[in-house]
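The values are calculated or read from the model by the stated rules, or taken from the named source; none is laboratory data. The model shown is predicted, which means the values in this text are computed figures rather than measured ones. Glycine also receives a Cβ, built like all others from the backbone with ideal geometry; neighbour counts cover every protein chain displayed.
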Amino acid sequence: MERDIARSVRELLEAHGRPKREVYLDLENVGLVLPEVVEYVIDYFRNKAIGHPAITHRPGWEAYEAVAEASEKIAKAIGASPSEVAFTHSGTEANNLAILGAAKANKKSGKKVVVSSVEHMSVLLPAEELEKTGFEVVKVPVDREGFVKPEALEGAVDRSTVLVSVALVNHEIGTVQRLKELVEVAKDRNPNVIFHTDAADALNKVEVSVERLGVDLATFSSHKVYAPRGAGALYVREGVKVERVVYGPLSSQVLWPGVENVPAIAAFGRAVELGQAKFDEHVSKMKRLRDALTRGIMERVPHVLLNGPKGDGRAPDNVNLSFLYCEGEALTIELSTYGVYVSSGSACTTRILEPSHVLLAIGRKREEAHGSLLMKVWPLHSEEDVEYVLEVLPKAVERIRGISVEKPEA
Ligand SMILES: Cc1ncc(COP(=O)(O)O)c(C=O)c1O
């Protein structure tokens, strides 16, 4: 921990009391946990499956069984077989395993990797690492709504391409890619290409069928399906070669060493199961809340742009708006004083004041990217939560615009 940051965070906590009403919309950075999942997981911290999954005693067997059950639940949800699900400790690790591990295992078939320009940093940064070891990495552009154009992918994939990675749902602007078409285009160009999709933001929000999509590798993250953070999963199609990229003692997972986070994995499986059982109910509720929040803000606050697509091409939970003449970071802090928690710019790199690469890739200017807010709803938000945000957000924007040097032309 950096000591200066720890001190200033402590001061911030002391200066800002806990607001009476709170609405947490920063589900990009960390998701909330469904109450049923909390109930389910609590025993795992008490006395259930407390052992190491590779050890020969009862608590160890129970742990093994818990991991196996979770892989069955996840496999069922995505139409795979349980042996095709490999657990890691996060979505970041699963993406690293996919990019580095597939490139490493298949480098004899080619040294070109193609990714979209709007991928999560846990895809882009490992791809950049590959570049340092002699791989060519091509970032394909997207259109103004974040869709990868099939022609662009077709132009980028060739016989030397070993791996393509395009997220099913974009984590920042919610674009639901027409992935099946992209997979077909890539495989037409080179049937040996391995197609990875980061589906962390897709599972339980849009349909994810690895068979229908035709993908070879797919990433998932526990907190994205409303289980506690601390588990990730990589679907690896049978027969597709991926090598280990982290070394240490192996347990039940051959692709990722280290003792499994059994409570997080068990909760992950349960949350996926629940989300599948309540898919229609959850998705239609999120869409209703998303639309009420988006429409309400755009009606009440001038100079606001919607980032990402509208309608079915957008993830049910995603609201991303640019507030012109307004500094997004300042707005997140102002909103925090009202108990409304959101993120700005690029959610996963908030400590770095660089404008979001996703917003720049869809053609937003730097100041439009800097003035953006990312808000995600979940099935347990209420209409009253949305009303509260609509009550306080215009006030917060007005105050931040009042102290901003950039003003709208009179
Ligand atoms: C699309 C996407 N992929 C990967 C990740 C990383 O997952 P984790 O937070 O589990 O490392 C995130 C972040 O939450 C994400 O939104």
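How about the stretch 165-181: which of its residues are in contact with a helix residue (DSSP H, G or I) (Cβ under 7 Å, 6 or more places away or on another chain) and within 16 Å of the ligand (Cβ to nearest atom)?
165, 166, 168, 170, 172, 173, 175, 176, 179
Counting only residues that are closer than 30 Å to residue 47 by Cβ, give me the helices (runs of 4 or more DSSP H) lying completely in the stretch 251-368 with at least 2 of them.
Details: elements: 262-277, 279-300, 328-337, 357-361.
In the stretch 251-368, the matching helices (runs of 4 or more DSSP H) lie at 262-277.
How many residues are away from the ligand (no atom under 16 Å from the Cβ) and surrounded by fewer than 24 Cβ atoms within 10 Å (Cβ to Cβ) when one looks only at the stretch 194-215?
Residues in the stretch 194-215 being away from the ligand (no atom under 16 Å from the Cβ) and surrounded by fewer than 24 Cβ atoms within 10 Å (Cβ to Cβ): 6 in total.
Give all pairs with beta carbons closer than 7 Å in which a residue from the stretch 220-241 that is away from the ligand (no atom under 12 Å from the Cβ) meets a residue that is acidic (Asp, Glu); count only pairs at least 6 apart in sequence or on separate chains.
As it stands, the answer is 235/84; 236/84; 237/84; 237/216; 238/84; 240/216, since those pairs meet every condition given.
For the stretch 115-161, enumerate the residues that are of a type in the set (S, T, N, Q) and under 20 Å from the mean Cα position of the chain (by Cα). Steps first, please.
Let us first name the residues in the stretch 115-161 that are of a type in the set (S, T, N, Q), namely 116-117, 122, 133, 160-161.
116, 117, 122, listed by residue number.
Residue under question is residue 83, and the condition is that it be surrounded by fewer than 24 Cβ atoms within 10 Å (Cβ to Cβ) and either more than 30 Å from residue 306 (Cβ to Cβ) or within 16 Å of the ligand (Cβ to nearest atom) (or both); does it hold?
yes
Quick test for you: out of 119, 39, pick the one residue that is part of a helix (DSSP H, G or I) and either among the charged types (D, E, K, R) or assigned by TED's automatic domain parsing to the domain that holds residue 307 (or both). If you could, list the steps in order and put the result at the bottom.
Values: 119 fails: part of a helix (DSSP H, G or I).
Testing whether each residue is part of a helix (DSSP H, G or I) and either among the charged types (D, E, K, R) or assigned by TED's automatic domain parsing to the domain that holds residue 307 (or both) leaves just 39.
Tell me whether the stretch 265-276 contains one or more residues that are more than 21 Å from residue 96 (Cα to Cα) and either among the polar types (S, T, N, Q) or in contact with a strand residue (DSSP E or B) (Cβ under 6 Å, 6 or more places away or on another chain) (or both). It would help to see each step written out before you state the result.
Step one: filter the stretch 265-276 for residues more than 21 Å from residue 96 (Cα to Cα), giving 266-267, 269-276.
From what is left, the residues that are either among the polar types (S, T, N, Q) or in contact with a strand residue (DSSP E or B) (Cβ under 6 Å, 6 or more places away or on another chain) (or both) are 276.
Yes, because at least one residue in the stretch 265-276 is more than 21 Å from residue 96 (Cα to Cα) and either among the polar types (S, T, N, Q) or in contact with a strand residue (DSSP E or B) (Cβ under 6 Å, 6 or more places away or on another chain) (or both).
Go through (1) of a type outside the set (Phe, Trp, Tyr); (2) at positive phi; (3) outside the structural domain of residue 123 (by TED's automatic domain parsing); (4) crowded, with 22+ Cβ neighbours inside 10 Å for residue 297 and report which single condition fails.
Among (1) of a type outside the set (Phe, Trp, Tyr); (2) at positive phi; (3) outside the structural domain of residue 123 (by TED's automatic domain parsing); (4) crowded, with 22+ Cβ neighbours inside 10 Å, residue 297 violates only (2).
So which residues in the stretch 86-105 are touching a helix residue (DSSP H, G or I) at 6+ places or on another chain (Cβ under 7 Å), assigned to a helix (DSSP H, G or I) and near the ligand (Cβ under 9 Å from one of its atoms), if there are any at all?
Going residue by residue through the stretch 86-105, those that are touching a helix residue (DSSP H, G or I) at 6+ places or on another chain (Cβ under 7 Å) are 87-88, 91-92, 95-96, 99-100, 103.
Subsequent filtering for residues that are assigned to a helix (DSSP H, G or I) retains 91-92, 95-96, 99-100, 103.
If the condition is that a residue be touching a helix residue (DSSP H, G or I) at 6+ places or on another chain (Cβ under 7 Å), assigned to a helix (DSSP H, G or I) and near the ligand (Cβ under 9 Å from one of its atoms), then 91, 92, 95 are the ones that fit.
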